[in-house]
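Data first, discussion second: the structure below is written as structure tokens.
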Amino acid sequence: MSQIVISGTGLFTPPESISNEELVECFNAWATRYNADHAEDIEAGRLEPKPMSDAEFILKASGIRSRHVLDKHGILDPEIMHPQLPMRGNDEPSQMCEMAIAAATQALEEAGRKPSDVDAVLCAASNMQRSYPAVAVEVQQYLGCNGYAYDMNVACASAAFGIQAGVDALSSGNANCVVMVNPEICSGHLNFRDRDSHFIFGDACTAVVLERAEDASDGGFEVLGTRLKTQFSNNIRNNAGFLNRSETPQRSDDDRLFIQEGRKVFKDVVPMVVTLISEHLADNGLEPSAVRRFWLHQANLNMNQLISKRLLGRDPSEEEAPVVLDEYANTSSAGSVIAFHKHKAGLAAGDVAVLCAFGAGYSAGSVILRQR
Ligand code: COA
């Protein structure tokens, strides 16, 4: 069977960024106003007061310092508290398509490929901004690719599932050059009025080019293997969907946004990911100590440090388990690929690394890579 390689990666980072302090200032202004407006009910015990958020807590609990977003102004206006994106006509590229084109163009340049060389486009992300036509088909059209395209959603693990889908398409001969994109507008489904989660997400898009080794130019990474795992859980959930209009009674607005039990997720997902990676490595004849770099999903710094520590039996160095969530926060499916894209230099030919994405579902995917 042909060896499959990742021959290019790309990243689109929105220019606007919000610090923890800016986010907390907005949240606390809104919470203070809410408490004043509902003082009578709060006093009478009919309503709970909104507690204040705290930038120091956010940094300590998550490792996040800031997040890039498509629209800072709307998110930071206590009267609005969500991104405001100008509605685009059907003849204009959608926001997700535009982000994907930027990241894919960069990835194709690195791979030394033209869009017309591509015959499969996969859009793997947590949210699609519409049901159909697939965003991937729109990207295929605007980029000028051939073949076929489709969308897939496996939440934060989408990139690992997308890489496996690309590898399978190349191995079976169903495609010759695959572009997998992860446009994530997480600010669109984040409840900025929920203290427990208002700090969690940011926006970004990543792209990966996959080819058979004999077709690819020098460099890049061989895919030694991929492995996926899912296990149902309601601890991360988003009930937005096409049946919302038909549901009786109607759900609250908050129930159409991201909700999680962060502590339970932490407890469940760490062992799931450690088992997935260690078994995947063992089945490829590798020990965790042979892995030079872990590009992990970027949701929580403490979680990533614990996963690396359990695998290595010691604390990882910054180089071994690179962190991007301090600047980007959780960008869902893009997170592990941002870590890969920004921290893939400095490995020697033959060095082994692991990309691992995990999140809602639960879902997790491990990709073992070797520097060419
Ligand atoms: N500011 C101040 N205090 C806050 C706060 C905020 N923004 N958010 C929560 N708190 C409070 C809580 O109310 C709680 O108070 P209590 O002890 O009086 O009840 C306390 O801080 C601890 O909250 P908790 O939610 O248990 O914190 P945590 O240490 O678990 O950190 C997360 C929260 C979300 C950062 C963490 O659980 C996490 O990242 N989990 C993994 C999530 C994940 O990977 N998700 C994948 C998504 S794709």
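Tabulated data for the structure shown
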item: Boolean, Ala149 is part of a strand (DSSP E or B) and either touching a residue at least 40 places away in the same chain (Cβ under 8 Å) or aliphatic (A, V, I, L, M) (or both); result: yes
item: Test: residue in the stretch 162-176 that is closer than 26 Å to Phe199 by Cα and either among the charged types (D, E, K, R) or in contact with a His (Cβ under 8 Å, 6 or more places away or on another chain) (or both); result: no
item: Condition check for Phe27: over 30 Å from Ser217 (Cα atoms), of a type in the set (Phe, Trp, Tyr), within 16 Å of the ligand (Cβ to nearest atom) and without any contact (Cβ under 8 Å) to a residue 24 or more places away in the chain; result: no
item: Pair list, Cβ < 8 Å and 6+ apart or interchain, from the stretch 189-207 residues that are closer than 23 Å to Ser336 by Cα to residues that are buried (at least 24 other Cβ atoms within 10 Å of the Cβ) and of a type in the set (Lys, Arg); result: Phe199/Arg67; Phe201/Arg67; Gly202/Arg67; Asp203/Arg67
item: Of residues in the stretch 36-89 being under 29 Å from the mean Cα position of the chain (by Cα) and among the acidic types (Asp, Glu), the one nearest to Phe201 (Cα to Cα); result: Asp71
item: Search result, residues across the stretch 232-263 that are within 11 Å of the ligand (Cβ to nearest atom) and within 17 Å of the chain's Cα centre (by Cα); result: Ile236, Arg237, Asn238, Phe258, Ile259, Gln260, Gly262
item: When residues of the stretch 161-197 are limited to those that are crowded, with 21+ Cβ neighbours inside 10 Å, part of a loop (DSSP other than H, G, I, E, B) and within 16 Å of the ligand (Cβ to nearest atom), the one farthest from the chain's Cα centre (by Cα); result: Phe192
item: Residue among Asn300, Asn284 that alone is surrounded by fewer than 18 Cβ atoms within 10 Å (Cβ to Cβ) and either within 30 Å of Leu70 (Cβ to Cβ) or among the polar types (S, T, N, Q) (or both); result: Asn284
item: Members of the stretch 288-310 found to be over 21 Å from Gly346 (Cα atoms) and over 22 Å from the mean Cα position of the chain (by Cα), listed by number; result: Lys309, Arg310
item: Index of the failed condition, Ala207 passing every other in (1) more than 30 Å from Cys177 (Cβ to Cβ); (2) surrounded by 17 or more Cβ atoms within 10 Å (Cβ to Cβ); (3) away from the ligand (no atom under 15 Å from the Cβ); (4) among the small types (Gly, Ala, Ser); result: (1)
item: Evaluation of Glu319 against (1) away from the ligand (no atom under 16 Å from the Cβ); (2) within 18 Å of the chain's Cα centre (by Cα) (one fails), failing number; result: (2)
item: Filtered residues of the stretch 213-233 (kept if touching a helix residue (DSSP H, G or I) at 6+ places or on another chain (Cβ under 6 Å) and crowded, with 20+ Cβ neighbours inside 10 Å); result: Val223, Thr226
item: Tabulated pairs, the stretch 289-300, first assigned to a loop (DSSP other than H, G, I, E, B), second β-branched (Val, Ile, Thr), C-beta under 6 angstrom, 6+ apart or interchain; result: Gln298/Val324
item: In the stretch 337-360, residue nearest to the ligand (Cβ to nearest atom) [restricted to those that are crowded, with 20+ Cβ neighbours inside 10 Å, over 18 Å from Pro288 (Cα atoms) and of a type in the set (Gly, Ala, Ser)]; result: Gly359
item: Options Arg113, Arg88: the member that is assigned to a loop (DSSP other than H, G, I, E, B), closer than 19 Å to Thr9 by Cβ and basic (Lys, Arg); result: Arg113
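Throughout, read-outs are computed from the coordinates displayed, never taken from laboratory work. All figures in this text were calculated on a predicted structure; none of them were measured in a lab. Cβ: placed from backbone, ideal geometry, glycine included. Neighbour counts: every protein chain shown.
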